[in-house]
Structures are given as structure tokens and as C-alpha cells.
1. State the number of residues belonging to the stretch A:41-81 that are of a type in the set (Ser, Thr, Tyr), away from chain B (no Cβ under 14 Å) and buried (at least 17 other Cβ atoms within 10 Å of the Cβ).
2. Looking at A:Lys116, is it among the charged types (D, E, K, R), more than 11 Å from chain B (Cβ to nearest Cβ) and not in a helix (DSSP H, G or I)?
3. Please indicate, with yes or no, whether at least one residue in the stretch A:155-170 is more than 14 Å from every other protein chain (Cβ to nearest Cβ) and either free of Cβ contacts under 8 Å to residues at least 12 places away in the same chain or touching a Leu at 6+ places or on another chain (Cβ under 9 Å) (or both).
4. Could you list, in sequence order, the residues of the stretch B:22-36 that are facing chain A (nearest Cβ under 10 Å) and farther than 21 Å from B:Met72 by Cβ?
5. I'd like to verify a number: residues in the stretch B:12-55 that are over 21 Å from B:Ile212 (Cβ atoms) and either hydroxyl-bearing (Ser, Thr, Tyr) or not in a helix (DSSP H, G or I) (or both), how many?
6. Determine which single condition B:Ser47 fails, assuming it passes every other condition in (1) over 27 Å from B:Leu161 (Cβ atoms); (2) in contact with a Leu (Cβ under 7 Å, 6 or more places away or on another chain); (3) surrounded by 21 or more Cβ atoms within 10 Å (Cβ to Cβ).
7. Only one residue in A:Ile202, A:Ile223 is within 23 Å of A:Ser150 (Cα to Cα), in a helix (DSSP H, G or I) and not aromatic (Phe, Trp, Tyr). Which one?
8. In the set A:Lys137, A:Lys176, which member is crowded, with 19+ Cβ neighbours inside 10 Å, among the charged types (D, E, K, R) and either assigned to a helix (DSSP H, G or I) or touching a Phe, Trp or Tyr at 6+ places or on another chain (Cβ under 6 Å) (or both)?
Amino acid sequence: MEKAIEVIELTKTFTKYISNKLFFFKKYELINALENISFSINEGESVALVGKNGSGKTTLLKILAGILKPTKGTVKVNKTINVLLDTHSCIHKDLTGYDNILISGKTLGLSTKEIKSKIDEIVDFAEIKDFLYTPVKHYSNGMISRLSFSVTILSKADILLFDEVLAFGDIQFQQKVFKHLKNLSTNGKTLFFVSHDIRQLITLCNRFILLDKGKIIADGTPIKVIHKYFDYLIKNIDYLCNDAKLNLHFKNIISIENIKYQITNENLIIQLQINKFNIQINNLDIGLIIRDISNILITTISLLKNNIELSNKTNETISFIINNEYFNTNYILIFPYILNTITKEYVTTQTPLLVKIKDTNITDNLAELYSFFGMINIPTKIEIN
Amino acid sequence: MFTAFFKKEFFEYLKVFTWREIKIKYAQTFVGIFWMFFPPLMGIIVSYFFLDKLLRAGKEIPNYTLFAYCGMMGWYYFSYLVSYTSISLLQNVDLISKTTIPRIIIPLAKSITGLIDTLIWVIFAIILKFIFLKNFNISLILIIFPLLLNFISGFSIGLWLSIFSIKWRDIYQLLPYIIGLGMLGTPVVYHANMIPENIKFIYYFNPIAAVIEMYRKYILNIHIDLIKFTPAIIIAIILFLTGIYSFLKQETKLSEKL
């Protein structure tokens, strides 16, 4: 199969200013937005490029489109290419929807005659028929994005690049976009997406590339790359804690002050340090709410349910032991709680404890991947109303 | 590198983006495109009522109204090109950094918008010639040469300024002074005879001075030795060709630097 895009040892360097002076020469250093990356894309492939913010995704897209030139390395694009980087880039707010369609179509290399002959098709797709001759400054952001995307349906390019353009519009419009993109893929177009919406990308793309700090970390099937992506993502989520000192106070009666966990081959052991300020601790239950990474409830475990009683000691440590086999997911979020069983007053932590249960055994089990993202219904067939 | 300018797609781009510039320029105005008539009408009012009748600035210059009008016509298009071409890249950062259109289309579209305005000036100049000189001759067709030189000199300087401004936006701070001092140093509303002889040679190196004198020659039918302006014409052509070459070389860096 012929290669549509070939990237060979690509490096892209930018200037990063490190001073905030208003005059004369500012101090700067050079940074590599992309560092020695190589990959190729075959004709007809649909590829998703994922990574954290600042990993170099948009830079790579701009280089493939020809907007930026590489600092080192080569990029060979063997077919015609169009890019949609930003739904507002070609739009001028003083011009009408009609005018902006002509301009946007022109930036995609279409002739004025072609655009004018297909204007009705574009307007129908964008659902802006009633506002076609209204200046775009009176449009909502959603209307502008729909307008901008709709022009791309005329694109004749063999390769289409999309940067974060899957998330706008209502469900109906998103389905329309999705159907159109699926048609393009079926018709042999090469598609390249940058998005943070993994769920949409799974259904559109058969190959994922994970970028981090300008380097390719993983390249392959969606499952393989997404597991790796989450490893990176989760390490950097500030609101989650690993082995942290989570404090939970219930009135001035009782508190949970330290939570630790330990994973053995068979079990997950979670220890809570309980401090009692008031010896009257009747009617209290302490427990754990356990959710998966998509925040879907897995289970709750409590002292009462496990017939564990709190002693009269001022401080004690209690342990919950859960068999690892219970969890069919790689990461769990643990929220400790304290509940007054009579008044039903309840407190829990805002910040959960993150626990990595196991390393992934990579399979092609798409069902597992969908459950990983809390997608209960696996879309085996896309139905458009 | 220069062959791209002669392709059909290039002219299509130019047509669409020039039309875009015109629509943006007159968007949300009541009078709309009729604002094009305002600058030349103001030129006539200033040269006839203010300079000629009130200040008597050209009491020794025959047909002073038309004389001053020709100067203002040349200077209008030159200053339009310098101002709008130099700032065109900054005004269209999104187009440059997120699309693949040929970047030179952006300053070119601005310059053609100014050319359309200037053609209105030319039409008024012909009308004034008919009113004041009561004649109309075929040599008026030669006005295309100063018009071309007007474009070349203004566009090249505007393009060079836009290239410098990619890295140093200090240019925009200096621009009003460049245009103001340039107008004083060019015989827009005064005769070249007022320039002292010991520095008059500079005058023959000034491309816009050549433009204005050519307009006066073909509209007023006065004798002007254009051969003396050969250095100015050569400078304009060199600046134009080197400006386009330099711009096209920088094209791929524009989206990083803007």
C-alpha cells in the first residue's frame, strides 16, 4: 500500500522566551516541540494523535499541512492535503455566512465556481440557512464552528487533518459529522485526527499515536496506545493522590487522617488511621466508596457491612482487604466516608486516592477498553436518525 | 519561485481575497463602497479651496489645483500601500498560522484594494483636466506607467517593512513619522524648484517623486525630463524584486514569528 505521509527523523525547534522585559533583547532558549520522530501513514488509514496539552500534536499537524517547516528531518506528503486547525481561523466576523463560506472554501483550494455550485449543500450541513446573509459576529460559537467545518465537506484532498474539531455542536450535528467522516474513511481518504475525546477517536480510528514532550511514546492499536496514554495522564493529574494524607473530619467526633494502601499478588489492603475526639461513637459507619477511572461506582465497603466494630481506643488503624480479582479495571479511585446511620449525615473526601491495581496485559478486547472509559453500551453499529 | 504568480489558482486567490478586503473595509457603513469617492473629493477640496484659494500656495504655478491634486494622488496610493501592506500580516495572523494560502496574497489583496481607490482618483483627475485645461488627449493612456511605478514603489517598501516587523514591531511605532517626513520631503504640494540645488540629487533617487512628476507630465502636459529619474525607477524595481524574493523566503517562518 502506498504511503500517504512519511515523516523521517523530524525535529522542530522553537524559541521560548524566559524573561518578561519590555525593551531591548529578551532572554530566550530553544526548545524542541518535536524531537526526532519518525512514522508513516498508509493511504486510507484513519489515525488519531493523542497526548497531553503541549506534547506537540498541533505542531506536528502544522508541519504535515505545510504551515511550518521542520528544523531537521523530512516530511513527505505524497497526496493532496487539507487541514482544519481551528474553526475560527478563516472566519471574519464582519462578513456574512455566505462570504465566509467562499473564503473558507478558497483556503481549501476550491474554485469559486465549485463553492457556489455546492453552497446549498454546505448550508444544509451547517444548519444556518436562516442566517446565511447575517454577519457572523451575530452567530453563536457553535454556529461558527458548524459553518467552518461544513465547508470541509467539499474538500477534494486525499488527506484530511483535523485538530480538535470533533467536540462542537449538538448530538445531532456530531452524528452528522461522524457519519461524514466514516464515509470519507470508507471511500479511502486518509484521515488524521487530534482530539482529547478518546471515545470518539476509538470509533473513528484504527490506529493511535501517543505523543509526549515531542516524542512518540506509543504507536499502534487503540487499546495499546490508550493504556499507555492513561499511564502518562494519570501521573500528572493534580487532584488525585497516591498514598496521600487525606483528612476527613466528621463534626468533632471522629476523623480519618491517613490512608495507605498496599497491593500484594492477591489482595489490595487499604489502611485507615482513625482518631476519635468523642468517645460517643455510636451510630457511625466508616467505609470506602470505590469507583473506576471513569467515575463509575464499583462497590462500597464499610465497617458495618463487614461486621467490624470500632474499639474504644482513641486512635486505631483499620484495614479493608479486597481481592484484586474483584477489580476488572486497572485504576480505582477510593473515597473514604463517614456516615451517621441515624441522621444519614455523610461526609466524604473531595480528593480520592488513586490506586493502580495492575499493569495492563494488552489484548484486543475492545469491550475491556470501552468499560475502561465507562462506555456501558459498546457501539458496534452507528445508527443515524 | 516567481512562476506561482502566473498560475490560474493564484489569480483566483487574489480575486477572492481582494473582494474580502473590500467587503471588510466597508462593512457596516451606511455609504458602503461609495466611500471610495471620499478621498479624491477631499483631495480636490484641499487643493482648490485650501491650498490654492485660501493659502495661495501655488501662486507661481499654473493650474495649481490640478498640480497639487496629482501630487496628492501619487502620495495617497503610496502611503496607503506602505501603511496597509506593512500591517497586513499582523492583521491576518490566523490566516497565516492556520491555513495554507500563499502568504503574499494578503499584502497583495490590500494593495489592489488601494489600486481601485486610486483609479477613482485618476477618473477625477481626468475630469479636472477637462474642467481646468479644457482638453483631452490620448497621452492620458500613458498614465498607466506612473500607476505601475506607484504600485511598485509603495508595495516594495510596505513589503520590506512587513518583513522587518515580523521580528521588530518597532517599525509600527516609526511608521507615522516615516510617512509624515516622506510627504514633507517629496514635492507633493510644492514645486521641485523649491528644493535647494545642493541636495536636489536626492530628489532624483526618490521613487515617489518620479511617480508624482510622471502624473503631472501626462495630466498637465508639462515638460518634465523623466530620464533624470532613472535612478529612482531602478531603486523601485530593485526594492520590488528583492522584497518579493525576501518575503517568499521568509514565508514558512511567518507563522512561527507572528
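1. Residues in the stretch A:41-81 being of a type in the set (Ser, Thr, Tyr), away from chain B (no Cβ under 14 Å) and buried (at least 17 other Cβ atoms within 10 Å of the Cβ): 2 in total.
2. Judged against the criteria, A:Lys116 is not a match.
3. Yes, because at least one residue in the stretch A:155-170 is more than 14 Å from every other protein chain (Cβ to nearest Cβ) and either free of Cβ contacts under 8 Å to residues at least 12 places away in the same chain or touching a Leu at 6+ places or on another chain (Cβ under 9 Å) (or both).
4. Correct list: B:Lys23, B:Ile24, B:Tyr26, B:Ala27, B:Gln28.
5. The total comes to 8.
6. Tallying (1) over 27 Å from B:Leu161 (Cβ atoms); (2) in contact with a Leu (Cβ under 7 Å, 6 or more places away or on another chain); (3) surrounded by 21 or more Cβ atoms within 10 Å (Cβ to Cβ), B:Ser47 fails exactly one: (2).
7. Unique residue meeting the criteria: A:Ile202.
8. Exactly one of A:Lys137, A:Lys176 is crowded, with 19+ Cβ neighbours inside 10 Å, among the charged types (D, E, K, R) and either assigned to a helix (DSSP H, G or I) or touching a Phe, Trp or Tyr at 6+ places or on another chain (Cβ under 6 Å) (or both), namely A:Lys176.
The values are calculated or read from the model by the stated rules, or taken from the named source; none is laboratory data. Small disclaimer: the values here were computed from a predicted structure and weren't measured. Neighbour counts are summed over all protein chains in view; Cβ atoms, including those assigned to glycine, are modelled from backbone coordinates with ideal geometry.
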